[in-house]
Every structure is written in structure tokens, then in C-alpha cells.
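Colleague: I'd like to ask some things about the structure below.
Coordinate-derived values only; no laboratory data. As the structure is a computational prediction, the values presented were derived from the model and not from experiment. Note that we place each Cβ from the backbone using ideal geometry, even for glycine, and neighbour counts take in every protein chain shown.
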Amino acid sequence: MENGVGRQILDAYKRCEFRALVQLYLDVADDHEARANHDAACYYWTVAYVFALQEGMDCAEELRQKLAAHGREY
Amino acid sequence: MERPTVTESTLSAVLQPVATARGLPNAHYVDPEMHQLEREKALFDNWVGVAFGKDVREPGSAMPVDFMGQPLLLVRDKAGKLRVFQNTCRHRGMILIEEAGPIRGAIRCPYHSWCYSLEGKLVTTPHVGGPGINIAPEIVREELGLIEIRSHVWQDIVFANISGKAPEFGDYADTLLSRWREFEKPVYHGGPESSFKLEVNCNWKLAVENYCESYHLPWVHPELNSYSKLEDHYHIINSGAFSGQGTLVYNPRLDDTGRKFADFDGLSAKWDKSAEYIALFPNVLLGVHRDHTFAILLQPVDHQTTIEHVEIYYAQQSSLGDDVADLRQKNAAMWRAVFEEDIFVVEGMQRGRNGLKFDGGKFSPAMDEPTHTFHHWVATQLSK
Ligand code: FES
Ligand SMILES: [Fe+2]
């Protein structure tokens, strides 16, 4: 993970900014997906998905579908 | 010291008719092991009051409750139904929720982030099949939802049956529900001053026993008795589930200018002057009057410590208005004073039961029947 994003993620954790975390992890995951790193993409989508579920965000459903398309979620 | 046990002979003495019965022996008050036995048989096998619905009001509201060591989680689900879950993750048994507050989406376990819906369904199990793989053939989500504890909400009181062995709440409390059918209406919590807790140094049963009898009124509550005399009280007995007392002269005078709280709609004339105070066994103490009700949930902390959670509700929304805020204050202060007057007796009875030669006591057949009814009920639970 790129250093700047890493710091942003830690900051968001510290401040319990879960909605921001969702976006940060989503970006990291999409980046990996664009480079065909499917395992890494699914890993970060999973983290984004969990926080999106916790926060009741609409994007949770899209994330579930992405993971399901890779056989990683029901 | 001889280890106290539940023996047939001690319980059979309690199970006699009031005239010849003995009260429950000391062990039922001073022995931690007996307390554990009663926890299972008298409390967990029955419907215990654990919380109030007003504290979990909105969909998504959640509140952890520790009831006698049982970690419970109260959740108002999306449809507005109040549910009681075991506050324990199905994965490694982590406590799920530590503090009351709103759940915005899912209940996420703080350990490995398994997520549950407000309805208790297991929604996701991150990395359970390895990093980034959230499924595994061994992890059958349908079988791993939160454990739901049987619950029932009545008069805003959240009842739970922890072992799952009790009859339906409606069957258990049937006679009381019919007796108070006229109060089966929405109730309106009086607000912050109508909510208070008292921590008392006594076994939970003594709080029940003192609550359901009127014999002590002239001595312990002289003020109450100045308008509500002993002869104006009657006993209420139901050996299966409750006992208590009623008064025939309920006549609140909170205000000199004649302001008062509005009554429940459609009450029969009986309630113009009557009010009733009933202990619904094991741990819920109730009071109904034409204009307000209250409930006290007894939270047994250990064999000699009890927290009384008191909440006062009004019959009509109009009683929550600013114009009667001072009356609500007075009413709450009046009840608090009454309940505080009872503390020295329940604590004194607790200490009295350290007297090795106390034999459970002798009941007055005329005055102590509600108390004996409760002892009889406890003994019956322990004999099951
Ligand atoms: S203990 Fe809850 S997810 Fe592991
Ligand atoms: Fe009293």
C-alpha cells in the first residue's frame, strides 16, 4: 500500500471515521483490481465491506456483489 | 459451619399454609451457593424483568445488560421489534457490544469482525476462508446467528426468560393481565426525574417481600399512612405468579391549586380511589394508579446486594407537559422518599438473617399472606 494512503487509513482508524475508511479501502482495492491483483483487491474490498455494513452504507451491497463475483462472498 | 442445602424438610415447612408455615431459612439470604441455585430455578427459569423499552427506543438502538452475570444485548430491530440476544459472538465468544448506543448498520464483533444484522442474522464472516475469502463450507451462516433469548414487552418492561423453560408470558401473567386489563394502554415515561436507582444491601427477595405487604405501612411510612390507613388496604394473592396489596383511598394531593395529572381513558369507577401494588414474581414490582404507574426492576447483584431500577410512567401525554413539570418532580420525590424509607428494613432483615438461630420467622395469618405467597412460590420453584 502506498505510504500516503497508509497514513490516511491509520488516521481514520484513530478517529473512528469508518465512512472514510470505506472509501480509502475501496480505492486501494480498486487499484489492485485494475492491476489484476484479485487476491489483494478482495482483501481490501472485504475490509471496506465490513465497515460499510457496520455503518449501514448503500455501497455495502455493491461491495458484496464485487466479492461474490470473485467467489469470496455469498 | 454446616453447609446449607435445599432439603425437603426445610422447604416443606415453607410450603405449609400461612398459619403453620415457616419462612425461607437463612441460607436463602446469606449463602452465595443458595443464591446460585435460586438464580437458575427462581429467576432464569421464569420471566425476569431486565430493562425498560424506553431505553432502546429507536430502530437500531442497542443496549447491553448484565443480568446476574448473563450478558444480554437488547436491540430494537428495523421493524421496531425489541429483541434480546445473548451478547456473545458465535465465533470466539467475544462480548459484542460494550456500551449503549445506536447501531447504524450491522453489529460488528470487535474481535474478528463477524457482522450480524439487527435481527441477529450472521451477515458476513471476513477472511474466514483465508485472506479476502469470506466464505467457507464449514461456516454455515444460517446456523450461526446470534442466540436470541425469549423476551416479552409489557407496560414497557422488557421481560426475558433466560433458560427458555417458562410458559408463555401471557399464560404466566394471565391473571394479572386480566386484573389490570384497563391499564393496557400506552404509558408515557415521566423523564429524567422519573427514573432513579437505589442500591440496597439486601438479598433481592427481601425487596419483594417488603413490597408486597402492607403490614409495615403505619410504622415505616407514617406519612403515607396519614391518609392511607392500614384498614384501607387489601391483600392480593395469586400463588402462581404474584402477590401484593391494594389501597381504597388513593387520593393524590400534589398541588394546592387543584392541578393534577390526567387519568387513563375509560377506567371503571373502582379506580377512582383504588391503587394496587403487586410483585410479579420473581423480580418486578409494579404500581398502578388512575393517573400514573411505576415499575421497579430488581437486579440481584449478589446474594446480599440488589439494585432497584425505578421508572415512573404517566397515563397521558399531557402529563409530560411543562405546566406540570413541578408535579412530576413532586410525585417522583414522594415515591423516592417512600422507597428510601424501606431501605433500613430490607437491610435490617438481611443482617438479621445472620442470626444462626433465626428459623425463617413466623407469619401473621391476617397480615403476612402476600409475603408467604412469595415464599411459597420460591420454595415451589426450588422443588421443581
Ligand atoms: S470472536 Fe467475534 S468475530 Fe471472532
Ligand atoms: Fe414500604
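Colleague: Has the stretch B:87-95 got any residue that is in contact with a strand residue (DSSP E or B) (Cβ under 7 Å, 6 or more places away or on another chain) and more than 10 Å from ligand 1 (Cβ to nearest atom)?
Modeller: For the stretch B:87-95, residues in contact with a strand residue (DSSP E or B) (Cβ under 7 Å, 6 or more places away or on another chain) and more than 10 Å from ligand 1 (Cβ to nearest atom): present.
Colleague: Right, next: Quick check on my filter: what residues within the stretch A:55-74 are in contact (Cβ under 8 Å) with a residue 24 or more places away in the chain, at the interface with chain B (Cβ under 10 Å from one of its Cβ atoms) and surrounded by fewer than 22 Cβ atoms within 10 Å (Cβ to Cβ)?
Modeller: Residues satisfying the conditions are A:Glu55, A:Met57, A:His70.
Colleague: Right, another one. Among the residues of the stretch B:96-124, count how many are near ligand 1 (Cβ under 8 Å from one of its atoms) and hydroxyl-bearing (Ser, Thr, Tyr).
Modeller: Number of matching residues: 2.
Colleague: Same structure, new question: The conditions are (1) within 16 Å of ligand 1 (Cβ to nearest atom); (2) within 14 Å of chain A (Cβ to nearest Cβ), and B:Pro59 fails exactly one of them. Which is it?
Modeller: So B:Pro59 meets the others, but not (1).
Colleague: Touching a helix residue (DSSP H, G or I) at 6+ places or on another chain (Cβ under 9 Å), of a type outside the set (Gly, Ala, Ser), touching a residue at least 24 places away in the same chain (Cβ under 8 Å) and closer than 15 Å to B:Gly105 by Cβ - does that describe any residue in the stretch A:24-46?
Modeller: no
Colleague: Now a separate question. Which one of B:Gly105, B:Gly101, B:Gly145 is buried (at least 19 other Cβ atoms within 10 Å of the Cβ) and either without any contact (Cβ under 8 Å) to a residue 24 or more places away in the chain or among the small types (Gly, Ala, Ser) (or both)?
Modeller: Just one listed residue meets the conditions, B:Gly105.
Colleague: Quick one: in the stretch A:31-54, of everything that is more than 29 Å from B:Pro137 (Cβ to Cβ) and not in a loop (DSSP other than H, G, I, E, B), which residue is farthest from the other protein chains (Cβ to nearest Cβ)? Show your work before the answer.
Modeller: From the stretch A:31-54, those more than 29 Å from B:Pro137 (Cβ to Cβ) are A:31, A:34-35; that's our starting set.
Next, only the ones that are not in a loop (DSSP other than H, G, I, E, B) stay: A:31, A:34.
Numbers: A:Asp31: 15, A:Ala34: 16 Å.
Going through the qualifying residues, I end up with A:Ala34.
Colleague: Hey, another quick one. Find the helices (runs of 4 or more DSSP H) located wholly in the stretch B:193-300 whose residues include 2 or more that are away from ligand 2 (no atom under 16 Å from the Cβ), and list them.
Modeller: The helices (runs of 4 or more DSSP H) meeting that bar are B:270-273.
Colleague: Somewhere in the stretch B:112-127, is a residue surrounded by fewer than 18 Cβ atoms within 10 Å (Cβ to Cβ), over 30 Å from B:Phe294 (Cα atoms), among the aromatic types (Phe, Trp, Tyr) and away from ligand 2 (no atom under 16 Å from the Cβ)?
Modeller: So far as the stretch B:112-127 goes, no, none of its residues is surrounded by fewer than 18 Cβ atoms within 10 Å (Cβ to Cβ), over 30 Å from B:Phe294 (Cα atoms), among the aromatic types (Phe, Trp, Tyr) and away from ligand 2 (no atom under 16 Å from the Cβ).
Colleague: Can we say B:Leu176 is under 30 Å from B:Trp47 (Cα atoms), within 12 Å of ligand 1 (Cβ to nearest atom), more than 14 Å from chain A (Cβ to nearest Cβ) and of a type in the set (A, V, I, L, M)?
Modeller: no
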